[in-house]
Amino acid sequence: MATALKAMEPTAAATTIKDQVSAEEWALRVDLAAAYRLVALYGWDDLIFTHLSARVPGPEHHFLINPYTHMFEEITASSLVKIDVDGNKVMDTPAPVNRAGFVIHSAVHAARHDAVAVLHLHTPHGQAVSAMAEGLLPHTQTAMIAGHDVAYHDFEGIATELEERERLVADLGTKNSMILRNHGTLTVGESVPQAFLRMYFLERACEAQVLMLSAGRENLNNPNQGVAEKVEGQSSGAGIRMLADGLAWPALLRKLDRVNPGYRD
């Protein structure tokens, strides 16, 4: 009888990922999961490929990346995988991690302490511009907002070799956006919202360039001398922080809550 009663007693609730991490890490997980779903919402995803990552607060140099099993629209705060800069899982999870994602993201996180978030995409428009010899052209306002902060890295094949990290970081330098030649786009930020907003501007600029060039080069209107430099001054510094963290990101989360909630799980 005692055994039967014992079997009927409620068991302790299973420990969740949220219970195992700091409040700061959980907030970062929520933002990163939201970024994954927003990438899917805007049509920037590439099945289960490409990666968004964020460095966990603290001295351990751990970062979060997607499980190599999930579509971006499925990512949740709890499903993100925590790894170190050597690619080792810090928390036990059955989900694998894509080596190419580890190579690119670990390189930037290790070298750039201001790069809390790193976003990397393979969109058709981003790839198209990455294959153009002239790179991003300063023919639209959005291209001028993004272009002054863009670096370039030559394609070396699928990024699975650790030796490429040194060259990738050297090419990025102090820029916050990069076009990976014949490959795709990358942005970094002091927060997930900042990296996302930079990616939004870069991808919109690439899309506009593809549309613009489809009509031919003969009648392109070149901006007046000095305009690109003026736009650089208008879109640099603290302005990106205010726009991203304070204005655009809360609006994006409200949109996501309407159309694809669940990323906070």
Per residue Cα convex hull volume for segment 145-265, in cubic angstrom?
-> 171 Å³
Spatial separation of Cα centroids for segment 138-215 and segment 57-120, in angstrom | 20 Å
Per 10 Å bin from zero, what fraction in whole % of the C-alpha pairs of segment 49-129 is there, up to the bin with the longest pair?
-> 18, 52, 26, 4
When the chain is treated as a GNM, springs tying every alpha-carbon pair under 10 Å, which of Tyr42, Tyr68, Tyr152 comes out with the largest mean-square fluctuation?
-> Tyr42
How big is Rg to Rh over segment 29-186, alpha-carbon atoms, Rh as the Kirkwood inverse-mean-distance radius?
-> 0.95
On each of the three principal axes the extent of the alpha-carbon atoms of segment 106-167, given in whole Å and largest first, is 36, 27, 18
Quick one: among Leu213, Leu186, Leu28, which has the greatest mean-square fluctuation in a GNM of the chain with alpha-carbon springs under 10 angstrom?
-> Leu213
Might you tell me the accessible area per residue for the chain, computed with a 1.4 Å probe and given in Å²?
-> 50 Å²
Two-site FRET efficiency, Asn219 against Val90, from Cβ-Cβ distance with R₀ of 41 Å, rounded to 0.05 | 0.15
For segment 88-137, the Rg and Dmax computed from alpha carbons only, in angstrom = 14.8, 45
Solvent-accessible area, 1.4 Å probe, carbon plus sulfur percent, for segment 95-191 | 54 percent
At q = 0.13 Å⁻¹, what is the log10 ratio I(q)/I(0) for segment 178-242, with the Debye formula run over Cα points and no solvent?
-> -0.50
One-quarter of the Cα convex hull surface for the chain, in nm²?
-> 17.1 nm²
Calculate for the chain the 222 nm mean residue ellipticity that helices alone would give, adding -39,500 (n - 2.57) per DSSP H run of length 4 or more and normalising by residue count, nearest 500 deg cm²/dmol.
-> -12500 deg cm²/dmol
Ile158 to Ala133: FRET efficiency via 1/(1 + (r/R0)^6), r the Cβ-Cβ distance, R0 30 Å, to the nearest 0.05?
-> 0.85
With everything on Cα atoms, drop me the angle between helix 99-111 and the longest principal axis of the chain, reported from 0 to 90° to the nearest 10.
-> 80 degrees
Once phi is turned into θ = phi - 60°, what whole-Hz ³J(HN,Hα) does the Karplus curve with 6.51, -1.76 and 1.60 give for every residue of segment 47-54, x standing for Gly and Pro?
-> 6, 9, 9, 6, 8, 10, 9, 8
For segment 20-88, the spread of Cα positions along each principal axis, largest first, Å = 35, 25, 16
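The values are calculated or read from the model by the stated rules, or taken from the named source; none is laboratory data. As the structure is a prediction and not an experimental result, all values here were calculated from the model. All Cβ positions, glycine included, derive from the backbone under ideal geometry; neighbour counts span all protein chains shown. Quick note on the areas: whole protein, heavy atoms, side chains included, nothing else; ligands and nucleic acids left out. Shrake-Rupley method; radii C 1.70, N 1.55, O 1.52, S 1.80 Å.
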